[in-house]
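S.K.: Sharing a structure below in structure tokens format, with a few things to ask.
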Amino acid sequence: MSTLIATFVEQFGHTPDGLWSAPGRVNLIGEHTDYNDGLALPIALPQRTVAACSRRVDDVLRVHSVAAGETVSVDLDEVGPGRPVGWASYVAGVLWAMRADGLPVGGLDVVLDSDVPLGAGLSSSAALECSVAAAAADLYGLGLLADDEGRARLAAAADRAENEIALAPTGGMDQLASLLCRPGHALLLDFHSGQRAHVPFDLAGHGLALLVIDTRARHALVDGQYAQRRTSCEQAAAALGVGSLRASDLAAVECLKDATLRRRARHVITEIQRVLDTVSALEAEDFERVGELFLASHASLRDDYEVSCQELDLAVETACASGALGARMTGGGFGGSAIALVPADRVEAVSAAVRQAFAVAGLAAPHPFAAVASSGAARS
Ligand code: GLA
């Protein structure tokens with residue numbers, strides 16, 4: 001923390017007004033459902049992006065990233081689609097979107113540092129956006145961090161920043177997770193009704209742990225595959241005569257003529273049901289069932305939605321073969337991370353088995369780590 005403040009002083013010649021931070025996330029279940037008006041169940045990771053910030057008297061954003069080793073300066077009136085380019089668009093985009101939402105926000109000086117792994121499907125971009133959104137909300141006296149409603153409004157701004165300025169087509173789950181999650185809880189999100197619930201998620205109390213396996217297979221949401229899946233869902237919904245797949249059901253989906261659209265839509269419909277089933281299993285403290293649902297979700301993402309890859313499949317299979325109750329890819333897919341529900345005393349053994357399996361397959365070393373459900377964005 002003190003290094004961050006020292007970097008801030010070095011960059012801008014004065015001390016920051018404060019530090020704000022926001023977490024990365026893993027989604028327990030409910031994948032590729034957010035943009036289908038569906039359900040998702042993320043938790044916040046302990047890993048966070050920290051933003052040292054101070055308020056400016058003008059409408060200029062100056063932002064330095066420790067990871068990029070770069071400082072970008074931009075007038076907020078000049079922010080637009082794809083402007084500025086690269087990582088700074090996520091930061092500038094948040095301030096742009098807050099202003100577009102009518103919030104009285106001006107310039108900031110910002111220094112960013114993060115321990116959320118990049119490109120690992122753990123929402124490093126949402127952590128970046130939400131740390132800055134939290135800072136801007138506090139520094140401009142908006143009071144939006146006080147409750148879930150205000151936080152959801154900030155999440156919407158961060159979502160617009162990502163879609164409209166950084167031009168990464170994402171569905172909104174990551175930003176809500178980063179802003180609204182609470183320690184020891186998963187966040188049940190309903191993208192149709194807008195309702196949210198904090199679901200107790202205490203694995204340690206049941207002798208269990210959540211192992212996150214960063215496969216190191218790099219994923220990118222801007223490579224077109226994610227957008228293609230979204231388009232398929234829209235086409236399936238249109239063919240079914242509904243506004244979104246949430247409004248359809250399995251019987252109708254199985255009658256779709258196009259085999260690809262049928263598989264894509266089947267994943268979405270069954271995955272939404274699996275979220276409900278997971279919440280019920282958590283309430284009943286039936287973790288064997290949660291494990292089964294994780295596995296069913298993975299199979300659906302692999303076979304019907306076709307967003308898994310060799311590394312994710314290997315991580316899931318190896319985790320289950322070495323003692324996990326269940327495992328699945330998490331996030332957008334095409335690389336990134338898997339999660340496994342494991343007995344706490346098997347964390348080391350499962351991690352070692354996954355490392356070994358990757359070495360045997362000639363793949364780059366994965367990075368497994370245990371994670372507990374942590375807190376959303378806050379002033380540090
Ligand atoms: C990415 C997107 C999210 C969501 C997931 C898939 O993480 O950012 O909005 O669509 O993929 O569930």
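S.K.: How many angstrom lie between the Cα centre of region 91-112 and the Cα centre of region 121-198?
M.R.: Here the two parts' Cα centres lie 14 Å apart.
S.K.: Where is the GNM fluctuation largest for the chain (alpha-carbon springs, 10 angstrom cutoff): Asp77, Asp249, Asp159?
M.R.: Asp77
S.K.: Something else about it: Under a crude label model (7 Å from the Cα following the beta-carbon direction), how far is Asp101 from Val66 in nanometres?
M.R.: My value for the distance between the label points is 2.7 nm.
S.K.: Quick one: go through region 305-330 and flag any residue whose amide nitrogen is under 18 Å from the point 7 Å out along the Cα-to-Cβ line of Ala352.
M.R.: 318-324
S.K.: Say R0 is 41 Å: what FRET efficiency, to the nearest 0.05, do Ala247 and Ala6 get from their beta-carbon distance? Don't jump to the answer; show the numbers that get you there.
M.R.: Values: r = 54 Å, r/R0 = 1.31.
Using R0 = 41 Å, I get an efficiency of 0.15.
S.K.: Would you kindly state how much longer the chain becomes between Lys257 and Arg196 on full extension, computed as 0.36 nm times their sequence separation minus their alpha carbon distance, in nm to one decimal? Don't skip to the end; give the middle numbers.
M.R.: Working: separation 61, 0.36 × 61 = 21.96 nm, distance 3.50 nm.
Difference between extended and current length: 18.5 nm.
S.K.: Can you find, among Ala284, His367, Tyr226, the residue farthest towards the positive end of the dipole of region 204-371? Put +1 on the C-beta of Lys and Arg, -1 on that of Asp and Glu.
M.R.: It is Tyr226, whose Cα lies furthest towards the positive end.
S.K.: Here is a further query. Using only Cα atoms, figure out Rg for the chain and give it as a multiple of 2.2 N^0.38 Å. Let's see the in-between values first.
M.R.: Details: Rg = 20.4 Å, N = 380, 2.2 N^0.38 = 21.0 Å.
Against the compact-globule rule of thumb, the ratio is 0.97.
S.K.: Per the helix-only calculation at 222 nm, which mean residue ellipticity applies to the chain, given -39500 (n - 2.57) for every DSSP H run of n ≥ 4 and division by its residues, nearest 500 deg cm²/dmol? Don't skip to the answer; put the middle values down first.
M.R.: On the way: 11 runs with 149 residues, N = 380.
So the helix-based figure for the chain works out to -12500 deg cm²/dmol.
S.K.: Further question on the same structure: Sorted by packing (mean other beta-carbon atoms within 10 Å per residue), highest first, where do 180-189, 122-131 land? Present the calculation step by step, with values, prior to reporting the outcome.
M.R.: On the way: 180-189: 21.9, 122-131: 30.2.
Result, highest mean first: 122-131, 180-189.
Laboratory data are not the source of any read-out in this text; all were calculated from the coordinates shown. None of these values were measured; they are calculated from a predicted model. When we count neighbours, we look across all protein chains shown, and the Cβ atoms used for this are built from the backbone with ideal geometry, even at glycine.
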